[in-house]
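FYI, it's all coordinate maths here, none of it is from the lab. Note that this is a predicted model, so its numbers are computed, not measured. Please note: Cβ atoms are built from the backbone with ideal geometry, for glycine as well, and neighbour counts cover all protein chains shown.
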Amino acid sequence: MRKFIVNVNGASYEVEVEEITGAASAPAPVRASAVQPAPAAAPAAPAPSAASGGKQTSVDAPMPGNILDVRVKAGDVVKAGDVLLILEAMKMENEIMAPVAGTVSAVNVTKGASVNSGDVLCVIG
């Protein structure tokens, strides 16, 4: 477990996050305790889900938005944590990172494309 202090609208929250290594799995439970009274924090984005069939992992859009940049192509070798693409949502740029190490087998989006929450952006296999 790693602990972080997150500030939201002037209120501080102490958050514990479980770090998961290896293959993609179900999202870890998140426990948050308020250091100062304030409104509840927004829920965390869902973790990428494993694609059916073998060791392929799909990287899904955590929220609707527009693709600003695609930094990988099919055949690229990536490490866990490498930035795959940039997703703009609500005027914020979000780095979509590789959940696992492997070779990119498919990139399903292009720069400028609009995506919905849950759309498969790319596949690592």
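General remarks:
- Between M1 and K73, the modelled label-to-label distance comes to 4.6 nm, taking each label 7 Å out from Cα in the direction of the beta carbon.
- Length released on extending from M90 to S114, taking residue separation times 0.36 nm less the Cα-Cα span: 7.4 nm
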